[in-house]
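The next block holds one structure in the form of C-alpha cells; read it before the comments.
The values are calculated or read from the model by the stated rules, or taken from the named source; none is laboratory data. Given the structure is predicted, the values throughout are model-derived calculations rather than measurements. Here the Cβ is made from the backbone with ideal geometry for all residues, glycine too, and neighbour counts use every protein chain on show. Quick note on the areas: whole protein, heavy atoms, side chains included, nothing else; ligands and nucleic acids left out. Shrake-Rupley method; radii C 1.70, N 1.55, O 1.52, S 1.80 Å.
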Amino acid sequence: MHKKEVVPVIPSKEMFAGNANAPVELTVFGDYESPETRQLNEVMKEVMKTFEGKVKFTFRHFPLTQIHQRAHKAAEAAIGAGQEGKFWEMHERLMERYHELGITSLKGHAREVGVVNKRFLEQLMNSDFGWNVQDDLREGLALGIREIPVLLINGKMMDKPLSLNRVTKTVKEELQVKSRSRQKRAA
C-alpha cells in the first residue's frame, strides 16, 4: 500500500510582493468579485511602483460569499497557483477577469498564467486550498474585519477612503517613523 505524500501548502500570508525586509508592510483583505477590492488593487500597484524596495505587500482572502458566490473558489485558485510561484500572476488575472470565475474559467486562467499542475482542476473541485482561504477569513474576523476591502499598514487598519493620495501619504509617514526610530537606535 502506497502512502500518500503530504505536501505542505504555502499559505497566502507567505506570498508577498516587494521586499521581505521592507520597513512598511501592507496587507489587503479582499475578494475577487468586489469592485472596491479591484479599485484598491489599482492603488496598491501604484504604491508598489512608487515605494519599490521599501514596502512588502500581502493579499489576504476575505470572500463575502453571501454576495460574491464565486469569490471563495477564486481565492482557492489563487492559492493553488501560488504553490507554483504564480500567485501574483493569478491574482492580477482574477482581478481583470472578475466576471469569469467559474471553475472551468479558473482552470483556464491558471493555464494562461503558467500553472502546469495537472491536478489543478481536481484540487479546485476537492477544495484542497479551501482551508487556507478559511484561515485568512478567520484571521480577518479576529482583527475585526466585517467588510472589504481593508488595508493594514504595519498592522494598523487604515480608515476609508483608500485613495492613492491617502495611502501614499500614510506610507510616507510610516517610512519617516521607521527612519527616525532607526536613527535613534544608531545614536
Inset, instruction - Please give, to one decimal in nm, the separation of the simple spin-label points placed at residue 69 and residue 179, each 7 Å out from Cα toward the Cβ. - result: 5.1 nm
Inset, instruction - Divide by every residue of the chain the summed helix terms, -39500 (n - 2.57) for each DSSP H run of at least 4, and state the resulting mean residue ellipticity at 222 nm, rounded to the nearest 500 deg cm²/dmol. - result: -15000 deg cm²/dmol
Inset, instruction - Multiply the residue gap between residue 142 and residue 104 by 0.36 nm, knock off their C-alpha separation, and tell me the result in nm, one decimal place. - result: 10.4 nm
Inset, instruction - Provide 104, 37 ordered by accessible surface of protein heavy atoms (probe 1.4 Å), highest first. - result: 104, 37
Inset, instruction - With a 1.4 Å probe and every protein chain left in place, work out the accessible area per residue of region 1-134 in Å², rounded to a whole number. - result: 53 Å²
Legend entry - Extent along principal axes [Cα atoms of region 56-187; Å; largest to smallest]: 56, 31, 26
Inset, instruction - Using a 10 Å cut-off on Cβ atoms, rank the peptides 52-62, 158-168, 174-184 from the highest mean neighbour count down. - result: 52-62, 158-168, 174-184
Inset, instruction - Order 43, 9, 116, most accessible first, counting only protein heavy atoms with a 1.4 angstrom probe. - result: 116, 9, 43
Legend entry - Share antiparallel - DSSP beta bridges, the chain, percent rounded to 5: 55 percent
Legend entry - Cα-derived Rg over Rh, computed across region 127-172 with Rh taken as Kirkwood radius: 1.09
Legend entry - Tail weight of P(r) past 20 Å, computed on alpha-carbon pairs of region 50-132, percent: 29 percent
Legend entry - Cα centroid separation, region 138-187 to region 43-63 (Å): 11 Å
Inset, instruction - Run the 1.4 Å probe and let me know the accessible area of residue 146, rounded to the nearest 10 Å². - result: 150 Å²
Legend entry - Charge dipole of the chain about the Cα centre (unit charges at C-beta), most positive-ward option of 94, 124, 148: 148
Legend entry - Portion, in percent, of the accessible area of the chain that falls on carbon or sulfur, probe 1.4 Å: 51 percent
Inset, instruction - Taking 7 Å along the Cα-to-C-beta vector as the label spot, tell me the residue 131-residue 13 distance in nanometres, rounded to one decimal. - result: 1.6 nm
Legend entry - Summed side-chain charge close to residue 160 - residues other than residue 160 whose Cβ falls under 10 Å, Lys, Arg +1, Asp, Glu -1: -2
Legend entry - Dipole in debye (nearest 20) - the chain, about Cα centre, beta carbon charges: Lys, Arg +1; Asp, Glu -1: 680 debye
Legend entry - residue 45 accessible area, 1.4 Å probe, all protein chains in place, Å² to nearest 10: 70 Å²
